[in-house]
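Peer 1: Here it is, the structure in full.
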Amino acid sequence: MTASVNFLSQLNPSQRIAVEHFCGPLLVVAGAGSGKTRALTYRIAHLITHYQVDPESILAVTFTNKAAREMKDRLERLFAQEMALKQQGQPFNSLPEYDQKRLLSQVYKKTTKKLWIGTFHSLCARILRYDVNKYQDEKKRQWERNFSIFDESDVQSLVKNIVLKQFNLDDKKFNPRTVRYAISNAKNLGLSPEAYLKENSYAKGRVIAEVYNEYQTQLAANNALDFDDLILVPVRLFQQNESILGYWHSQFKHILVDEYQDTNRIQYELIQLLTTNAEPRKSEWNWENRSIFVVGDADQSIYSFRMADFTILLNFQSDFGDGLPDEDTRTMVKLEENYRSTETILQAANQLIENNSQRIDKILRPTRGEGEEIYCYKAEDERIEADFVMGKIQEMVETNPELNWGDFALLYRVNAQSRPFEDNFIRNNIPYNIVGGFKFYDRQEIKDSIAYLRLIVNPFDTVSLLRVINSPRRGIGKTSIDSLLKASQELEIPLWEIVRDETSVKTLAGRAAKSVNKFASMIKELQGKLKELSGTEIFDQIMELSGYVDDLKTKGTEEADNRLENIYELYSAIAQYQEENEDTSLQGYLTNASLASDLDNLDEGQEKVSLMTLHSAKGLEFPIVFLVGLEQGTFPHVRSLNDPLSLEEERRLCYVGITRAQEQLFISHARERYVWGSKEMKMVSQFIQEIPEELINSNLRPTARKVHRKKTVSSSANDKWSVGDRVIHHSFGEGEITHILGSGKKTNLAIQFAGLGRKIVDPRTNSITKIE
DNA sequence: TCCTCCACTGTTTTT
DNA sequence: CAGTGGAGGA
């Protein structure tokens with residue numbers, strides 16, 4: 001088919017191997033900026049056009065919703081371009097906008113709509129909407145298909161309540177956050193409360209296991225799942241029911257996983273089950289018309305706090321592949337050519353990451369020019385640091401007509417660091433966009449509205465019920481609620497079962513009974529309309545009937561107006577979802593909303609400076625990057641200073657930051673900075689010292705670099721030497737390079753000298769010169 | 001039942 | 001320096 005010929009020609013040999021891969025396992029080790037997204041999208045396109053794979057049987061897992069959306073968009077364009085040439089005989093871009101849109105929507109209907117592209121969480125949620133009712137856990141707890149997804153704050157308060165109120169534990173010894181974290185970790189390792197207990201049978205572990213168990217009971221009582229369950233439950237279900245696993249195994253013939261280094265144990269398990277159908281022995285796996293294709297970079301593994309485990313990536317070759325050494329294997333390919341950044345930036349990144357002990361050998365080979373040196377600014381404090389960044393951006397935008405605000409990104413370790421920059425940007429009218437931190441869905445009015453919707457979809461969702469039963473105030477106070485709650489607990493039935501029953505309410509709620517009954521009939525009414533009305537219509541009605549909007553309107557304060565605005569925005573979000581997904585069910589929207597992240601709001605089209613954490617920046621690129629707060633204790637973060645493994649993760653994070661930059665990188669640090677309201681002295685980050693001095697220009701030694709640069713840089717540059725080069729050594733004479741050993745700082749050359757045999761030489765000693 | 005004020009506590013990264 | 005939670009007053 002002509003389609004494939006077209007895009008294959010744009011690839012380098014390694015990318016081509018990746019894209020043309022059809023059946024069986026393949027690990028793509030893809031360095032930053034090496035075109036891995038391209039490899040992924042082109043491969044999907046190739047599977048469909050060249051191998052006639054049914055789009056419905058392709059499962060592509062990405063790390064963020066944004067990455068998923070981008071992949072779908074790219075695929076749509078790719079197919080639309082092909083169709084433009086075939087149907088109309090002219091390039092897509094030259095078609096009138098109307099035709100472009102028509103083509104894109106054709107492609108959507110025919111192909112991209114059918115693909116299973118999304119995050120682990122969204123894809124699993126989708127699977128569970130079909131099958132969760134067939135699952136039963138060890139304690140016979142069950143869930144229905146209209147389950148709620150509890151967000152982190154729901155979960156926190158649930159755990160807190162169990163620890164403090166129900167179990168009456170000492171919160172010094174059992175900090176609810178720590179307990180919550182332990183439960184999450186257990187789930188990410190695939191441990192049930194019982195299994196957790198077995199592995200943690202000491203006193204504290206036993207208590208946590210009990211909390212975990214009670215927590216599960218309450219989730220089930222609410223017909224709710226937490227984020228971790230979205231992965232854990234399908235895995236369990238697949239383990240206990242082979243026909244359900246069989247169904248999904250035959251559904252997903254070609255599985256692709258992006259950012260494989262950030263996969264955790266339970267996600268790995270899921271992939272493993274879907275790929276192998278739980279066949280235990282490798283020799284029994286049937287790769288006919290089936291593949292597992294993962295892309296990742298161990299150097300960019302930055303989510304171990306979420307139990308991500310990059311040894312999963314390192315083990316791919318022995319888990320799924322042929323397990324042969326790098327030179328001989330056919331189940332691994334490395335993409336090392338970097339198309340994104342200048343050589344200077346790549347050298348900084350390569351040298352920095354060399355300081356890590358835990359990695360697989362890989363470097364980034366530059367394909368672009370040397371570029372500008374890195375500029376390092378030492379500031380007095382965080383306000384001066386902000387002045388510097390602001391001044392530099394303004395200066396560059398003014399002097400360089402090619403640049404606009406959207407070409408700049410400001411990256412920091414923790415969200416709190418954005419503050420001084422925000423203040424500064426507001427004062428100086430610099431348009432900016434903060435990604436992450438406060439979320440739209442975290443606002444009170446939004447949580448309230450969502451809670452109403454959740455309750456209508458899933459009446460067992462007691463957390464939501466409690467949230468809205470007296471919001472807006474309708475005279476249902478603490479005492480009434482408590483007596484209703486107590487009854488539900490004693491009878492072991494959901495709170496809603498009490499609330500919906502007029503007689504029970506009359507006996508229990510006293511003066512508030514009338515209000516409770518009114519509230520209950522309102523919810524009942526909308527539950528009845530759930531099937532006939534669309535999400536937006538339900539939303540409209542609940543806001544009206546509940547008096548929520550009226551309540552805000554009568555307040556008339558600026559704050560209330562603001563909240564109203566947000567509620568209207570939520571309405572548009574639901575409407576937009578319905579339109580884009582051809583899904584008018586409220587449930588679809590709710591799932592989508594609970595899995596949405598703030599990163600999804602990042603709109604590249606806007607001409608605004610982007611501010612975000614280094615974690616959020618993964619997968620993105622910007623012409624100019626500012627990496628700020630490079631101080632010991634800020635970055636690397638305090639909590640990693642004493643732990644070598646976390647320090648390595650911080651270094652990987654720094655590596656991610658550096659490799660976001662295409663043209664130019666600025667780094668800065670402050671001599672002192674406010675932390676918790678008091679000034680602290682800060683030492684410069686060790687990461688700055690790990691970048692070769694010659695690559696950095698700074699406000700402390702403005703002209704230092706030019707003198708050393710050429711010599712040292714080129715002799716430490718690994719890519720200068722290649723096998724077969726003729727060299728002269730000052731004492732051994734002429735020889736030929738036969739091997740290049742290691743990479744970066746540790747590069748050594750094996751050289752065959754006439755009459756002297758082979759010797760290992762360190763090129764950094766300047767003892768050898770190349771003969772051109 | 002509701003609202004306001006004060007004291008305390010806890011600070012990484014996110015699907 | 002936040003944001004939260006509890007206590008006490010209206």
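Peer 1: Can you work out which of the residues in segment A:499-509 that are open to solvent by less than 50 Å² (accessible area, probe 1.4 Å) and within 16 Å of DNA strand B (Cβ to nearest atom) is modelled with the highest pLDDT?
Peer 2: Among residues in segment A:499-509 that are open to solvent by less than 50 Å² (accessible area, probe 1.4 Å) and within 16 Å of DNA strand B (Cβ to nearest atom), the one modelled with the highest pLDDT is A:V499.
Peer 1: Out of the residues in segment A:292-310 meeting the condition of being of a type in the set (G, A, S) and within 20 Å of A:T275 (Cβ to Cβ), tell me which one is surrounded by the fewest Cβ atoms within 10 Å (Cβ to Cβ).
Peer 2: A:A308
Peer 1: Can you report the number of residues in segment A:673-718 which are modelled with pLDDT under 55 and open to solvent by 50 Å² or more (accessible area, probe 1.4 Å)?
Peer 2: 7
Peer 1: Which members of segment A:269-291 meet the condition of being within 16 Å of DNA strand B (Cβ to nearest atom) and either open to solvent by less than 60 Å² (accessible area, probe 1.4 Å) or without any contact (Cβ under 8 Å) to a residue 12 or more places away in the chain (or both)?
Peer 2: A:L270, A:I271
Peer 1: Within segment A:210-222, does at least one residue satisfy the condition of being touching a residue at least 12 places away in the same chain (Cβ under 8 Å) and over 30 Å from A:A451 (Cβ atoms)?
Peer 2: Residues of segment A:210-222 touching a residue at least 12 places away in the same chain (Cβ under 8 Å): A:210-222.
From what is left, the residues that are over 30 Å from A:A451 (Cβ atoms) are none.
There is no residue in segment A:210-222 that is touching a residue at least 12 places away in the same chain (Cβ under 8 Å) and over 30 Å from A:A451 (Cβ atoms).
Peer 1: For segment A:625-672, which positions are crowded, with 24+ Cβ neighbours inside 10 Å, among the aromatic types (F, W, Y) and in a strand (DSSP E or B)?
Peer 2: Selection gives A:F626 alone.
Peer 1: Among the numbered conditions (1) surrounded by fewer than 18 Cβ atoms within 10 Å (Cβ to Cβ); (2) in a helix (DSSP H, G or I); (3) within 29 Å of the chain's Cα centre (by Cα), tell me where A:K198 comes up short.
Peer 2: All conditions pass for A:K198, except number (3).
A quick yes/no check of all residues on (1) open to solvent by less than 10 Å² (accessible area, probe 1.4 Å); (2) modelled with pLDDT of 95 or more; (3) hydroxyl-bearing (S, T, Y):
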| position | (1), (2), (3) |
| --- | --- |
| A:A3 | yes, no, no |
| A:V19 | yes, yes, no |
| A:P25 | no, yes, no |
| A:G35 | no, no, no |
| A:I44 | yes, yes, no |
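Rundown of residues vs (1) over 23 Å from the mean Cα position of the chain (by Cα); (2) farther than 16 Å from A:A348 by Cα, yes/no style:
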position: A:P636; (1), (2): no, yes
position: A:I667; (1), (2): yes, no
position: A:R673; (1), (2): yes, yes
position: A:S685; (1), (2): yes, no
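Peer 1: Does segment A:67-83 contain any residue that is in a loop (DSSP other than H, G, I, E, B) and on the phi < 0 side of the Ramachandran plot?
Peer 2: For segment A:67-83, residues in a loop (DSSP other than H, G, I, E, B) and on the phi < 0 side of the Ramachandran plot: absent.
Peer 1: Take A:G89 and tell me if it is under 22 Å from the mean Cα position of the chain (by Cα) and away from DNA strand B (no atom under 16 Å from the Cβ).
Peer 2: Taking the combined requirement at face value, the residue does not satisfy it.
Peer 1: Collect the residues in segment A:110-147 that are within 16 Å of DNA strand B (Cβ to nearest atom) and open to solvent by less than 70 Å² (accessible area, probe 1.4 Å), keeping them in residue-number order.
Peer 2: A:W116, A:I117, A:G118, A:T119, A:F120, A:H121, A:S122, A:L123, A:C124, A:A125, A:I127, A:L128
Peer 1: Just to be sure I understand, how many residues within segment A:53-73 are open to solvent by 40 Å² or more (accessible area, probe 1.4 Å) and touching a residue at least 24 places away in the same chain (Cβ under 8 Å)?
Peer 2: Adding up the residues that qualify gives 7.
Peer 1: Mind checking which residues of segment A:181-228 are closer than 26 Å to A:L590 by Cβ and of a type in the set (K, R)?
Peer 2: A:K187
Peer 1: Within segment A:65-83, track down each residue that is under 13 Å from A:Q106 (Cα atoms) and either within 16 Å of DNA strand C (Cβ to nearest atom) or not acidic (D, E) (or both).
Peer 2: Across segment A:65-83, the qualifying residues are A:L75, A:R77, A:L78, A:F79, A:A80, A:Q81, A:M83.
Peer 1: Looking at (1) closer than 23 Å to A:Q136 by Cα; (2) of a type in the set (A, V, I, L, M, F, W, C); (3) buried (at least 22 other Cβ atoms within 10 Å of the Cβ); (4) not assigned by the TED database to the domain that holds A:I162, which is the only condition A:V257 fails?
Peer 2: Only one criterion in (1) closer than 23 Å to A:Q136 by Cα; (2) of a type in the set (A, V, I, L, M, F, W, C); (3) buried (at least 22 other Cβ atoms within 10 Å of the Cβ); (4) not assigned by the TED database to the domain that holds A:I162 is unmet by A:V257, namely (1).
Peer 1: In segment A:153-179, what count of residues is obtained for those that are of a type in the set (D, E, K, R), near DNA strand B (Cβ under 10 Å from one of its atoms) and either assigned to a helix (DSSP H, G or I) or in contact with a Phe, Trp or Tyr (Cβ under 7 Å, 6 or more places away or on another chain) (or both)?
Peer 2: Residues of segment A:153-179 of a type in the set (D, E, K, R): A:154, A:160, A:165, A:170-173, A:177.
With the extra rule that they be near DNA strand B (Cβ under 10 Å from one of its atoms), the set shrinks to A:171-172, A:177.
After this cut, where a residue has to be either assigned to a helix (DSSP H, G or I) or in contact with a Phe, Trp or Tyr (Cβ under 7 Å, 6 or more places away or on another chain) (or both) as well, the list is A:177.
Of the residues in segment A:153-179, 1 are of a type in the set (D, E, K, R), near DNA strand B (Cβ under 10 Å from one of its atoms) and either assigned to a helix (DSSP H, G or I) or in contact with a Phe, Trp or Tyr (Cβ under 7 Å, 6 or more places away or on another chain) (or both).
Peer 1: Taking segment A:377-427 on its own, how many of its residues are in contact (Cβ under 8 Å) with a residue 60 or more places away in the chain, closer than 25 Å to A:S685 by Cα and not basic (K, R)? Lay out the reasoning, then the answer.
Peer 2: Narrowing segment A:377-427 to residues in contact (Cβ under 8 Å) with a residue 60 or more places away in the chain: A:377-382, A:384-385, A:388-389, A:392-393, A:396, A:403-415, A:417-418, A:421-422, A:425.
Subsequent filtering for residues that are closer than 25 Å to A:S685 by Cα retains A:377-382, A:384-385, A:388-389, A:392-393, A:408-415, A:417-418, A:421-422.
Now restrict to residues that are not basic (K, R): A:377, A:379-382, A:384-385, A:388-389, A:393, A:408-412, A:414-415, A:417-418, A:421-422.
Total satisfying the criteria: 21.
Peer 1: For the condition of a type outside the set (V, I, T) and touching a strand residue (DSSP E or B) at 6+ places or on another chain (Cβ under 7 Å), what is the one hit in A:N424, A:N428, A:N470, A:N415?
Peer 2: Unique residue meeting the criteria: A:N415.
Peer 1: Within the bounds of segment A:212-225, is there any residue that is in contact with a strand residue (DSSP E or B) (Cβ under 9 Å, 6 or more places away or on another chain), among the hydroxyl-bearing types (S, T, Y), away from DNA strand B (no atom under 16 Å from the Cβ) and not in a loop (DSSP other than H, G, I, E, B)?
Peer 2: So far as segment A:212-225 goes, no, none of its residues is in contact with a strand residue (DSSP E or B) (Cβ under 9 Å, 6 or more places away or on another chain), among the hydroxyl-bearing types (S, T, Y), away from DNA strand B (no atom under 16 Å from the Cβ) and not in a loop (DSSP other than H, G, I, E, B).
Peer 1: Listed residues A:V675, A:V684, A:V656; which is within 16 Å of DNA strand B (Cβ to nearest atom), of a type in the set (V, I, T), under 17 Å from A:Y412 (Cα atoms) and in contact with an Asp or Glu (Cβ under 9 Å, 6 or more places away or on another chain)? Steps first, please.
Peer 2: Numbers: A:V675 fails: in contact with an Asp or Glu (Cβ under 9 Å, 6 or more places away or on another chain); A:V684 fails: within 16 Å of DNA strand B (Cβ to nearest atom).
Step by step, each of A:V675, A:V684, A:V656 is checked, and only A:V656 is within 16 Å of DNA strand B (Cβ to nearest atom), of a type in the set (V, I, T), under 17 Å from A:Y412 (Cα atoms) and in contact with an Asp or Glu (Cβ under 9 Å, 6 or more places away or on another chain).
Peer 1: Looking only at segment A:158-168, which residues are surrounded by 14 or more Cβ atoms within 10 Å (Cβ to Cβ) and within 14 Å of DNA strand C (Cβ to nearest atom)? Outline the logic, then answer.
Peer 2: To start, the set of residues in segment A:158-168 that are surrounded by 14 or more Cβ atoms within 10 Å (Cβ to Cβ) comprises A:158-164, A:167.
Across segment A:158-168, the qualifying residues are A:L158, A:V159, A:K160, A:N161, A:I162, A:V163, A:L164.
Peer 1: For A:A596, work out the one condition from (1) open to solvent by less than 10 Å² (accessible area, probe 1.4 Å); (2) within 21 Å of A:K439 (Cβ to Cβ) it doesn't fulfil.
Peer 2: Going through (1) open to solvent by less than 10 Å² (accessible area, probe 1.4 Å); (2) within 21 Å of A:K439 (Cβ to Cβ) one by one, A:A596 breaks only (1).
Peer 1: Hey, A:Q664 hits all of (1) modelled with pLDDT of 90 or more; (2) in the same structural domain as A:I446 (by the TED database) but one; which does it fall short on?
Peer 2: For A:Q664, the exception is condition (2).
Peer 1: Here are the criteria: (1) open to solvent by 40 Å² or more (accessible area, probe 1.4 Å); (2) within 16 Å of DNA strand B (Cβ to nearest atom); (3) not charged (D, E, K, R). Tell me which single one A:I231 does not satisfy.
Peer 2: Going through (1) open to solvent by 40 Å² or more (accessible area, probe 1.4 Å); (2) within 16 Å of DNA strand B (Cβ to nearest atom); (3) not charged (D, E, K, R) one by one, A:I231 breaks only (1).
Peer 1: Name every residue in segment A:356-393 that is acidic (D, E) and closer than 28 Å to A:A298 by Cβ, in order of residue number.
Peer 2: If the condition is that a residue be acidic (D, E) and closer than 28 Å to A:A298 by Cβ, then A:D361, A:E370 are the ones that fit.
Peer 1: A further question on this structure: Can you list the helices (runs of 4 or more DSSP H) lying wholly within segment A:510-616 that have 3 or more residues being within 16 Å of DNA strand B (Cβ to nearest atom) and not charged (D, E, K, R)? Don't jump to the end; show me each part of the working.
Peer 2: Details: elements: A:513-529, A:535-545, A:548-555, A:558-581, A:586-595.
Answer list for segment A:510-616: A:513-529, A:548-555, A:586-595.
Peer 1: Kindly provide the set of residues from segment A:311-327 that are farther than 21 Å from A:N12 by Cβ and either open to solvent by 30 Å² or more (accessible area, probe 1.4 Å) or within 15 Å of the chain's Cα centre (by Cα) (or both), ordered by number.
Peer 2: A:T311, A:L314, A:N315, A:S318, A:D319, A:D322, A:G323, A:L324, A:P325
The values are calculated or read from the model by the stated rules, or taken from the named source; none is laboratory data. Model, not experiment: these values are computed from the prediction. All Cβ positions, even for glycine, are placed from backbone atoms using ideal geometry, and neighbour counts span all protein chains on display. Heavy atoms of the whole protein, side chains included, go into the accessibility calculation; ligands, DNA and RNA do not. Shrake-Rupley method; radii C 1.70, N 1.55, O 1.52, S 1.80 Å.
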